[in-house]
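Student: I'd like to ask some things about the structure below.
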Amino acid sequence: MLLSRRPKVADVAARAGVSPATVDRVINGRGGVQPKTVALVEAAIRELVDGQRTGRLAGGGVGGRRFDVVLAGDGTHLTRALGEALVAAGAAVPAQVEVAFVELMNPVAQAERLRACIARGSAGVAVQVLDHVLVRAALEELAAADIPVVTVLTDIAGVDRLAYAGLDNRAAGRTAGLLMARFCRQPGPLAIVWGGQLYRSHEERESGFRSVLRAERGDLRCLEVITGNDNPAVTRARVTEAIRQHRDLVGLYCVGGGVVGAAEAIEQAGLAPQLVMIGHNCNAETKPHILSGTIHAVIHQDVARIAETTVRCLATRTPPPPGGIPVEIVTRENAMDR
């Protein structure tokens, strides 16, 4: 990719949410980089070049403020919807909201992107935060620079952040556990799928799920947690393998992303709808599986409300009032309302 006004490698890496070495490989055509990552790097270069040409990235924006949003991966349905909602909420303040997606489960990339927000003079940052020491260090630098931070969808403990906008994830997990306890008619093993150990939200959901089942259904046994990386294809393959190893599986709880992959694995094994599946978020991807009965219920969160809370907190530099984002239950009987 040849450009006459190529920005610095470090700036591209921070904007794309990848390492400088990855940017160097893309720019110099060395290969070994996934197509999605190449697209992220090329988009970052174009945006930075456009910013140099127009001065758009030098500061200001709508209403003189720019908030930066750092979300995970190349944009799942949930994170895309949240990013769009944050931009819309910013327009109402008014403020410019810039959304960047960093490489999934990559704390180095997330920390670099957060530090870039300091250099760019951000007025506030919202981040789908990874619970990792490198990210903690970057958040401390943001606090030292007096840049407010709101964590979204998942939180992190022991850092100087302004607020958290999202579900009470332990309550969400407990709700999923209660649904599983009520829906499962037979004893047997349960599978739990999460994105990875760097999301505190996934740990809290898993913990809440298990705690209710211990109290309500001692005859339901949770297997070792399956890591699906919030990726439908990876989740499909790993759930398929779990079904092969445990033909007596009676239920599955998908804690984070990759819900569609888990549903497809259940359908392909001919276990729908008798195998009880609980997931998260009703959207265009999960709704067909909810309506078909493969997914018995999902725990839903209102991304528009999360976005409005986030932008309001950043704009006023104050935490939200008590109450938080409600834990909602969606089944096939009310899915069409979403």
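The values are calculated or read from the model by the stated rules, or taken from the named source; none is laboratory data. Bear in mind that the values here come from a model prediction, so they are computed numbers and not experimental data. Note: ideal-geometry Cβ built from the backbone for every residue, glycine included; neighbour counts use all protein chains shown. Keep in mind that these areas ignore ligands, DNA and RNA; they rest on the heavy atoms of the full protein, side chains included. Shrake-Rupley method; radii C 1.70, N 1.55, O 1.52, S 1.80 Å.
Student: Given H placed on each backbone N at 1.01 Å, which residues far from residue 192 in sequence or on other chains put an amide H within less than 5 Å of it?
Tutor: Amide H to amide H, under 5 Å and 5 or more residues apart or across chains, residue 192 pairs with 223, 226, 253.
Student: OK, next. So what are the three principal axis dimensions of the range 263-338 from its Cα atoms, in whole Å, longest to shortest?
Tutor: Largest first, the range 263-338 extends 52, 21, 18 Å along its Cα principal axes.
Student: Next question. Per 0.36 nm of contour for each residue apart, how much would the distance between residue 317 and residue 118 grow if the chain were fully extended, relative to their Cα-Cα spacing? Display every interim value, and only then the final one.
Tutor: Details: separation 199, 0.36 × 199 = 71.64 nm, distance 1.67 nm.
Stretched fully, the residue 317-residue 118 segment lengthens by 70.0 nm.
Student: First measure r as the distance between the Cβ atoms of residue 8 and residue 197, then evaluate 1/(1 + (r/R0)^6) with R0 = 45 Å and state the FRET efficiency to the nearest 0.05. Intermediate results must be reported in sequence, preceding the final value.
Tutor: Values: r = 33 Å, r/R0 = 0.73.
Rounded to the nearest 0.05, the efficiency is 0.85.
Student: Could you report the range 104-204's accessible area per residue, 1.4 Å probe, as an integer in Å²?
Tutor: On the way: 3680 Å² over 101 residues.
That works out to 36 Å² for each residue.
Student: Where only protein heavy atoms count, and the probe is 1.4 Å, what is the accessible area per residue for the range 220-317 in Å²?
Tutor: Numbers: 3750 Å² over 98 residues.
I get 38 Å² per residue for this part.
Student: For the range 249-268, list residues with backbone N below 16 Å from a point placed 7 Å from the Cα of residue 304 toward its Cβ?
Tutor: none
Student: Could you give the nm distance between label points at residue 160 and residue 207, where each point is 7 Å from its Cα heading toward the beta carbon?
Tutor: 2.6
Student: Take the Cα of residue 336, step 7 Å along the line toward its Cβ, and report every residue of the range 265-306 whose backbone nitrogen sits under 12 Å from that point.
Tutor: Once the point is set 7 Å along Cα→Cβ of residue 336, 291 turn out to lie under 12 Å by backbone N, inside the range 265-306.
Student: Ok, one more. So what's the angle, to the nearest 10 degrees on a 0 to 90 scale, between helix 200-216 and the longest Cα principal axis of the chain?
Tutor: 20
Student: Given contacts defined as C-alpha pairs under 8 Å and at least six residues apart, what's the relative contact order of the chain, whole-number percent? Before the final figure, lay out each step's value.
Tutor: Working: 686 pairs, mean separation 51.1, N = 338.
It comes to 15 percent, rounded to a whole number.
Student: Another question, then. Quick one: plug the Kirkwood hydrodynamic radius of the range 94-224 (C-alpha pairs) into Stokes-Einstein at 20 °C, 1.002 mPa s, and report D in µm²/s. Intermediate values should be presented prior to the final figure.
Tutor: Details: Rh = 16.4 Å.
Estimated via Stokes-Einstein, D reaches 130 µm²/s.
Student: In addition: Restricting everything to alpha-carbon atoms, can you work out Rg to Rh for the chain with a Kirkwood hydrodynamic radius? It would help to have the intermediate numbers written out before the result.
Tutor: Numbers: Rg = 20.8 Å, Rh = 20.8 Å.
The Rg/Rh ratio comes out at 1.00.
Student: Ok, one more. Heavy atoms only, 1.4 Å probe, whole protein assembly: order 246, 202 by accessible area, highest first.
Tutor: 246, 202
Student: Rounded to the nearest percent, how much of the accessible area of the range 153-282 (1.4 Å probe, protein heavy atoms only) is carbon and sulfur? Numbers along the way, then the final one.
Tutor: Working: 2400 of 5270 Å².
Here it works out to 46 percent.
Student: Moving to a separate point now. In 5 Å bins starting at 0, how do the alpha-carbon pair distances of the range 156-195 split up by percent?
Tutor: 5, 15, 19, 21, 14, 10, 7, 6, 3, 0
Student: Could you calculate the FRET efficiency of residue 140 with residue 219 from 1/(1 + (r/R0)^6), where r is the beta carbon distance between them and R0 is 41 Å, rounded to 0.05?
Tutor: Values: r = 46 Å, r/R0 = 1.13.
Efficiency, from the Cβ-Cβ distance: 0.30.
Student: Relative contact order for the range 279-334: what is it in percent, counting Cα pairs under 8 Å that are at least 6 residues apart?
Tutor: Numbers: 51 pairs, mean separation 25.2, N = 56.
After rounding, I find 45 percent.
Student: Can you give me the solvent accessible area of residue 238 with a 1.4 Å probe, rounded to the nearest 10 Å²?
Tutor: Here the residue's solvent-accessible area equals roughly 110 Å².
Student: At a probe radius of 1.4 Å, what is the per-residue accessible area of residue 336, in Å² to the nearest 10?
Tutor: 130
Student: Taking only Cα atoms of the range 177-330, what ratio of Rg to Rh do you get with Rh as the Kirkwood inverse-distance radius? Mind showing how you got there, number by number?
Tutor: Values: Rg = 16.2 Å, Rh = 16.1 Å.
With Rg and the Kirkwood Rh in hand, the quotient comes to 1.01.
Student: Please give the helix 232-245 orientation as an angle from the longest Cα principal axis of the chain, in degrees from 0 to 90, rounded to the nearest 10.
Tutor: Tilt of helix 232-245: around 30 degrees.
Student: I've got another one for you. As a test, work out the antiparallel percent of DSSP beta bridges whose residues both lie in the chain, rounded to the nearest 5.
Tutor: Working: 3 of 36 bridges.
Approximately 10 percent, going by the DSSP bridge assignments.
Student: In what sequence, largest accessible area first, do 101, 209 appear using a 1.4 Å probe?
Tutor: These residues rank, largest area first, as 101, 209.
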